[in-house]
Structure formats: C-alpha cells, structure tokens
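Following: one structure in structure tokens, then a few remarks.
The values are calculated or read from the model by the stated rules, or taken from the named source; none is laboratory data. Remember, it's a predicted structure, so these values are computed and weren't measured experimentally. With ideal geometry, Cβ positions are generated from the backbone for all residues, glycine too; neighbour counts draw on all protein chains shown.
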Number of protein chains: 4
Amino acid sequence: MFVVLNLKAYPCDPVEIATVAGEVAEETGVRIAVAPQTADIESVASTGVETWAQHVSGVGHGSHTGSTLAAAIARAGASGALLNHSERRLRLADIDAGVRAAKRAGLGTIVCANNPRQVAAASRLAPAAVAVEPPELIGTGTPVSKADPDVVTESVRAAAEGVPVLCGAGISTGADVAAAADLGAEGVLLASGVAKADDPRAALEALVEPL
Amino acid sequence: MFVVLNLKAYPCDPVEIATVAGEVAEETGVRIAVAPQTADIESVASTGVETWAQHVSGVGHGSHTGSTLAAAIARAGASGALLNHSERRLRLADIDAGVRAAKRAGLGTIVCANNPRQVAAASRLAPAAVAVEPPELIGTGTPVSKADPDVVTESVRAAAEGVPVLCGAGISTGADVAAAADLGAEGVLLASGVAKADDPRAALEALVEPL
Amino acid sequence: MFVVLNLKAYPCDPVEIATVAGEVAEETGVRIAVAPQTADIESVASTGVETWAQHVSGVGHGSHTGSTLAAAIARAGASGALLNHSERRLRLADIDAGVRAAKRAGLGTIVCANNPRQVAAASRLAPAAVAVEPPELIGTGTPVSKADPDVVTESVRAAAEGVPVLCGAGISTGADVAAAADLGAEGVLLASGVAKADDPRAALEALVEPL
Amino acid sequence: MFVVLNLKAYPCDPVEIATVAGEVAEETGVRIAVAPQTADIESVASTGVETWAQHVSGVGHGSHTGSTLAAAIARAGASGALLNHSERRLRLADIDAGVRAAKRAGLGTIVCANNPRQVAAASRLAPAAVAVEPPELIGTGTPVSKADPDVVTESVRAAAEGVPVLCGAGISTGADVAAAADLGAEGVLLASGVAKADDPRAALEALVEPL
C-alpha cells in the first residue's frame with residue numbers, strides 16, 4: 001500500500017509532519033509520501049521523505065507566470081504530483097497535459113476522480129495511479145471503504161489495465177486502510193486524519209499498523 | 001455518417017443555414033444537425049432541422065445564474081449538446097456532470113477531445129459520441145484525415161466499446177468526409193467550411209455528396 | 001427603482017413569469033426586467049417584457065464555441081446582461097471585455113459584486129449599473145438592507161460617479177425594496193422571492209407596491 | 001523605481017539570477033525583487049534578495065489542495081505576490097480575496113491589469129501597487145512606454161489615490177525604464193529582458209543605470 005499524506009493548506013508544520021512520516025516509513029517499510037504546499041516542497045524533501053506536489057501545470061518552460069512548472073517542483077525535490085483533486089478540479093485537456101509534463105520531468109502523477117466513471121476516464125491518460133475520492137466524504141471521518149465500498153471495487157474494475165487505484169476521503173484508522181486494501185485499492189490518500197492529529201506520529205503509526 | 005455543423009459565434013444567419021441544412025438532410029437522407037448559439041436554439045429548431053447546443057452545464061434546476069441548463073435547451077428544441085470543445089474546454093468532473101445532466105433531460109452529448117488519449121478518457125463517461133479534433137488543425141482547411149490520419153484510427157481504437165467517434169478540424173470537402181469514414185469515423189464536425197461559405201447549400205451538398 | 005427578476009435555473013415557466021412581470025410593469029409604471037436562461041431569451045422577449053441575459057461573453061464574432069455572443073442575445077431580444085453574478089464569477093479581464101462586447105451590441109450590463117470594494121472596482125469598468133449581493137445572504141430571505149445596511153450605503157459611496165447601484169440577496173417584500181431605496185440603491189435584483197412564489201403576480205405586486 | 005523581475009517558467013537558474021539581482025540592488029540602491037516559481041521561493045529568498053511570488057490564492061488555512069497559501073509563501077521567504085498577471089488572469093472576487101489573504105500574512109500585492117480601465121478597477125481593491133501590461137506587447141521587446149505611452153499616463157491618472165502604478169511589457173533597456181518613470185510609473189515589471197539574457201548582470205545593470 002502507498003500512503004499519501006496530503007497536507008492541503010492546513011496550519012500544520014510541514015517539516016515536522018514530514019520528519020515523522022519519513023521515520024514511520026523507515027521503521028515500518030510502508031511507502032509513505034507527503035504532499036505539502038508547493039512553497040514547502042524544498043524543505044519537506046530535504047527531510048528525506050518521499051515528497052509529492054499537490055498540483056502540477058501542463059506547461060513546459062516559457063511565459064507561464066503563476067504556473068506550477070514540473071521542472072521546478074522536480075528541482076525542489078518532488079517525485080510526483082497529485083492532479084485534479086476535488087479541491088482543484090482541472091480540465092480534461094489540462095490533466096492530460098499535466099501527466100505528460102510530469103513524465104517529461106521524471107515525475108509520477110496520481111489523478112484524482114470523484115467516481116468510477118471518472119476513474120475509468122482518468123486512468124486512460126496513463127498516470128502512475130488514480131485515486132477515487134467521493135467529494136461528499138472528504139473530511140468527514142467516514143471512510144469510503146465503509147460508506148460506499150462499491151465505489152472502490154468498481155473503480156478498481158473500471159481503471160485501465162496496469163493503473164493502480166488509491167482511495168481517499170474519510171480514512172483515519174488502520175482498519176480503514178486495511179478495508180481499502182481488501183477492496184483492491186493499492187494505496188490511500190490521507191489528509192486531516194494525520195495532519196490535524198494531536199499526535200501525528202501515533203496517528204500515522206496506527207494507520208499503517210495493519211499493513 | 002452524422003454531420004454536425006457548428007456555427008460557433010460566426011456572423012452568419014443561423015436560421016438561413018438551418019433551413020438549408022434541413023433541406024439537404026431531407027434530400028440526401030444524411031443525418032445533419034446544426035449547433036447554433038444557445039440564444040438561437042429556439043429559432044433554429046423551429047426550422048425542423050436537428051438542433052444541438054454548443055455546450056450544456058452539469059447542473060440541474062436551482063440557483064445557477066448564467067448556466068446552460070439541459071432542461072432549458074431541451075425545451076427550446078435541442079436534441080443534444082457538444083461538450084468540451086477545444087474552444088470551451090471543461091473540467092473532467094464537469095464533462096461527467098454535463099453528460100449526466102443531458103441524459104436526464106433526454107439529450108445526447110458529443111464530447112470533444114484533442115487526441116486519442118482524451119478520446120479514450122472521454123468515451124468512458126458514456127456520452128452518445130466523442131469527437132476528435134486536433135486543436136492545431138481547427139480552421140485551417142487541412143483535414144485531420146489527411147494531415148494526421150492516425151489520429152482518427154487510433155481514436156476509433158481507443159474509444160470505449162459502443163461509443164462512435166466523429167472527427168473534425170479542417171474538413172471542408174466531400175473527399176475529406178469520405179476519408180474520415182474510411183478511417184472509421186461515424187461522423188464529422190464541420191464549422192467554417194459551411195458557415196462561412198458564400199453558398200452554404202452548395203458547400204453542404206458537396207460535403208455530403210459522397211455519402 | 002429598477003427591478004430585475006433573475007430566473008436562474010429555476011424550474012419555473014419563464015414565459016408565464018415574464019407575462020406577469022410585463023403586466024405588473026405596465027400597471028404600476030415600475031421598470032421590471034426578467035433575466036431567463038439564454039435559451040429562453042427569445043420566448044421571454046416575445047412577451048414584450050424587458051429581457052436581460054444572465055451572462056454575456058466578452059468575445060466578438062468568431063471561433064468561440066459555447067460562448068454567449070452579445071450579438072446573438074441582442075438578436076434574440078435581450079436589452080442587457082448580468083455579468084459576474086456570484087454564481088458565475090468572472091475574471092476581471094472578462095468582465096471588462098463583456099461590458100465592451102455588450103456595448104458594441106447595444107446592450108446594457110449590470111456587473112455584480114460581493115462587497116463595496118468590488119463595487120468600487122466593477123463600477124470603474126463603466127457598466128450601466130453595478131449590483132451588490134453579499135453571497136452569504138443569497139437565497140436566505142434575509143434582505144441585505146436589514147442584515148447589513150452598511151453594505152448598501154458603502155457601495156453607493158464607493159461606486160464611480162454616475163454608475164447606479166442595485167442591491168440583491170434576500171429581498172422578498174415591498175418593505176425590503178423600500179429599505180433598499182432609502183439606502184441609496186436605484187434598483188434590486190430578485191430571484192427566488194418571485195420565481196419560486198406560489199403566486200408570482202401577488203409576490204411581484206407586493207414587492208413593487210411601495211414604489 | 002521598483003524593479004520586479006518575473007522569472008515566469010523560464011529555463012533559467014533562479015538562484016543565479018537572484019544572486020545577481022541582490023548584488024545589483026545593493027550596489028545601486030535600486031529596489032529590485034525577483035519573482036520565481038513558487039517551488040523556488042525558499043532558495044531564492046535565501047540569497048537575501050527581495051522575493052515575490054508569481055501568484056497567491058485568496059484562501060486561508062484549510063482544505064484547499066493545490067492552492068498557493070499566503071502563509072506558506074510568507075514562511076518560505078516571500079514579501080509579496082503578483083496577482084492577475086495576463087498569463088494567470090483571475091476572477092475579480094479572487095483578486096479581492098488574494099489581496100486580503102496576502103495582507104493577513106504580511107505580504108504586499110501587485111495586481112496586474114491590461115489597460116487603464118482595469119487599473120482603475122484593480123487599484124480600488126487596495127493592493128500595494130498595480131501594474132499595467134498591454135498583453136499584446138508582452139515579450140515583444142517593444143516597450144509600452146514607447147508603443148503606447150498614453151496607457152501609462154492614463155493608468156497613473158486612473159489609479160486610486162495612493163496606489164502606485166508599475167508598467168511592464170517589452171521593457172528591456174535603461175531608456176525604457178527612464179521613459180516609464182517620466183510617464184509617472186513608480187516601477188517596472190521585467191521578464192525575458194533579464195531572465196533570458198546571456199549576461200543577466202550586464203542586462204540588469206544597464207536597466208537600472210539611469211535610475
């Protein structure tokens with residue numbers, strides 16, 4: 001299982017979380033990545049943890065003020081980027097361009113989708129992975145694996161061959177992660193469950209414990 | 001072959017073009033639809049020609065000022081809507097919602113895409129059809145069937161089972177339409193070739209003549 | 001006072017509401033306009049009521065699939081267009097272009113804004129009018145003139161010279177309209193209060209009664 | 001004069017340019033800031049040069065994946081942010097929110113605008129400054145101060161009291177900068193003239209020499 005910890009725009013200390021995540025990854029052998037604000041990629045990556053951007057633009061070098069250039073996040077230490085999170089939905093053509101731009105810079109991509117239909121679509125753009133997150137469950141504490149397990153199994157079935165499916169929204173316990181794995185997910189997107197926890201280390205250890 | 005005549009925001013008389021298109025459709029038995037500005041749907045549909053909208057929103061009834069409600073374009077006489085034209089690219093989630101909203105209102109949808117990858121993606125949203133139009137060829141007079149025939153054949157191969165592929169961009173002669181059909185396309189998107197022609201009837205008749 | 005009745009994407013009969021609005025306008029001498037879905041402009045305008053679009057694009061004639069061309073809504077019978085409603089927020093450059101495109105087509109524009117600062121900004125683009133609508137009050141039934149009267153008076157003070165200010169959000173009674181006028185507003189934007197009323201005529205008559 | 005060096009998504013070494021810019025600023029006493037990609041803010045700021053972001057989101061802390069949080073760019077070392085560059089045009093409401101979010105984080109903002117009307121509008125949102133850049137001149141090498149000097153003088157006249165006006169587009173020589181100052185501009189936005197120069201130091205020294 002691949003555990004991606006999305007720090008969104010939370011008021012947490014990204015370096016502290018990253019340090020904890022890196023240590024838990026090392027201790028447990030579970031692959032854990034942290035996705036901080038773009039401005040924090042460099043300091044998060046310097047902790048040694050696998051670092052992902054929360055977004056990447058489809059443009060290459062050029063006159064693109066305010067873009068998130070794949071080459072720039074790669075240089076800062078990112079090894080991949082989320083795309084099309086439900087809090088940053090993108091045009092189909094821009095997801096396609098973003099996956100391409102990321103590949104040229106040696107970055108992976110996880111394209112988020114709201115439902116199995118969108119998983120089927122997004123996975124045809126050949127990203128490293130897709131993630132299904134029903135928007136209505138994000139931040140609720142009710143895991144998709146419990147609220148709507150069919151969303152996960154249908155997404156796994158709908159995805160293009162060879163494209164792994166992660167799931168997200170409401171995942172906060174080790175049991176949620178284990179349930180996601182049972183449904184066929186090869187990873188999880190986490191956010192508030194760890195980033196807002198009083199004790200992020202304990203929260204993260206509990207999450208990966210069943211793996 | 002399904003011939004869709006996109007009037008964009010051209011300075012043409014939409015009712016005149018619609019009348020011609022309806023007559024040519026009747027004379028030749030070729031299915032021809034006209035896609036006018038939303039404000040012109042009612043008068044275009046009243047000519048009896050098959051009428052498509054150039055866009056439809058994914059929303060249902062409610063507080064959505066400035067949207068293009070599926071129920072409203074259906075009431076005005078549309079039988080379908082284009083979605084995600086390269087001049088009006090949409091977010092993946094909004095294409096998905098638009099296809100759904102259109103279906104609820106009894107409307108078909110043709111989702112446009114820039115390349116075979118996007119065709120593969122768009123067709124998984126289960127629209128009535130997809131259309132592949134390389135943006136760099138739009139308005140050039142160089143047909144995709146000649147400039148880049150592989151785009152058409154790969155799109156036909158990439159599309160989900162049962163979803164027909166139209167092609168567009170640069171199609172202006174009957175030979176272009178015939179070539180598109182030979183490559184596996186089940187329709188064409190036309191624009192300037194007819195809408196800006198001195199004699200739209202002659203242009204349209206020449207286009208459908210090989211069919 | 002100018003009363004603009006925004007029908008949004010409500011499940012109402014736009015022609016019925018338009019007929020009522022036209023009759024109330026005639027009986028009372030109050031200027032009342034109806035803003036229907038773009039596809040309904042033609043049939044609404046044919047009732048004789050003053051008709052406004054809910055949106056207009058900044059583009060002129062050309063390759064702009066899915067746009068709302070000023071010339072097309074003018075031809076369908078609109079005499080103006082709302083711009084930048086909080087349900088269809090626009091880029092600053094597109095509001096500017098939309099006001100210009102509307103003027104070239106002989107259309108007025110009412111640019112919506114969320115607060116007095118945005119009123120100050122929007123009014124500098126020289127629209128026919130601006131409208132201030134605090135987003136948090138839209139659809140609540142609590143009128144801005146009561147919940148936050150300073151928003152109206154500050155907007156009137158902030159607007160560029162010669163640009164009248166309308167107010168909206170939560171207006172549903174004649175007393176609300178009168179209060180708006182007392183605060184310096186020269187019109188009101190109405191929506192659910194009339195469009196969703198069991199008896200739209202009674203609702204509209206009650207609204208304009210104090211004028 | 002305030003000289004802002006926008007590195008866009010150019011294939012330059014941002015730290016090298018920043019180092020040069022910081023040295024030229026120190027030697028000449030001219031205020032010079034560098035605006036790199038968001039991922040490069042931290043390393044650019046660590047050179048000691050005044051650092052600006054190319055964009056900032058209007059959101060505060062919370063669930064905003066893929067945003068450019070003001071607090072995050074401030075922590076990385078930025079002292080301000082461009083907003084609404086013609087390569088990243090924003091909604092009016094988002095410019096307003098961006099200026100506010102930046103202020104709360106102790107950041108200045110320069111809101112870009114295409115013409116004097118938009119300068120009048122943007123300056124009413126109370127940013128630290130506005131910048132006028134006719135889009136058709138960006139990257140041309142023809143300075144706005146020569147191609148269309150009225151744009152600068154009208155922008156200075158149109159801006160709200162107390163809001164300085166910068167100008168940009170096509171500025172590449174010291175004479176261009178001096179001409180901009182003569183027209184009333186209190187700063188310039190530079191991009192390719194320095195970032196793409198073979199000798200950035202020589203290019204920058206020549207630019208600020210007349211000041």
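Values computed for the structure shown
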{"read-out": "Single residue of the stretch A:144-155 satisfying the filter (of a type in the set (A, V, I, L, M, F, W, C) and crowded, with 21+ Cβ neighbours inside 10 Å) that is farthest from B:Ala122 (Cα to Cα)", "value": "A:Val144"}
{"read-out": "Lone qualifier among A:His64, A:His55 - being surrounded by 21 or more Cβ atoms within 10 Å (Cβ to Cβ) and out of contact with any Pro (no Cβ under 7 Å at 6 or more places or on another chain)", "value": "A:His55"}
{"read-out": "Residue check for D:Val130: closer than 25 Å to D:Ala53 by Cβ, at pLDDT 95 or above and not in a helix (DSSP H, G or I)", "value": "yes"}
{"read-out": "Leading residue by the ranking (modelled with the highest pLDDT) among those in the stretch B:153-184 that are under 14 Å from B:Leu137 (Cβ atoms) and touching a helix residue (DSSP H, G or I) at 6+ places or on another chain (Cβ under 6 Å)", "value": "B:Ser155"}
{"read-out": "Residue tally, condition polar (S, T, N, Q) and touching a Lys or Arg at 6+ places or on another chain (Cβ under 9 Å), over the stretch A:46-93", "value": "5"}
{"read-out": "Count - residues of the stretch D:1-50 that are surrounded by fewer than 18 Cβ atoms within 10 Å (Cβ to Cβ), away from chain A (no Cβ under 14 Å) and of a type in the set (S, T, N, Q)", "value": "1"}
{"read-out": "Count of the stretch A:156-179 residues which are under 16 Å from the mean Cα position of the chain (by Cα), closer than 20 Å to A:Ala122 by Cα and assigned to a helix (DSSP H, G or I)", "value": "0"}
{"read-out": "Counted residues, the stretch A:58-73 - those being touching a helix residue (DSSP H, G or I) at 6+ places or on another chain (Cβ under 7 Å), under 22 Å from A:Val34 (Cβ atoms) and facing chain D (nearest Cβ under 8 Å)", "value": "3"}
{"read-out": "Total residues in the stretch C:133-155, condition acidic (Asp, Glu), part of a loop (DSSP other than H, G, I, E, B) and within 14 Å of chain D (Cβ to nearest Cβ)", "value": "1"}
{"read-out": "Which listed residue is over 26 Å from C:Gly139 (Cβ atoms), touching a residue at least 24 places away in the same chain (Cβ under 8 Å), surrounded by 23 or more Cβ atoms within 10 Å (Cβ to Cβ) and at the interface with another protein chain (Cβ under 7 Å from one of its Cβ atoms), from C:Ala120, C:Ala76", "value": "C:Ala76"}
{"read-out": "Unique match (being under 21 Å from A:Gln54 (Cβ atoms), aliphatic (A, V, I, L, M), under 17 Å from the mean Cα position of the chain (by Cα) and not in a helix (DSSP H, G or I)) among A:Val188, A:Val119, A:Val194", "value": "A:Val188"}
{"read-out": "Test: residue in the stretch A:99-114 that is within 22 Å of B:Ala113 (Cβ to Cβ) and at the interface with another protein chain (Cβ under 8 Å from one of its Cβ atoms)", "value": "yes"}
{"read-out": "The stretch A:79-95, subset within 15 Å of A:Lys8 (Cβ to Cβ) and of a type in the set (Gly, Ala, Ser), residue surrounded by the most Cβ atoms within 10 Å (Cβ to Cβ)", "value": "A:Ala81"}
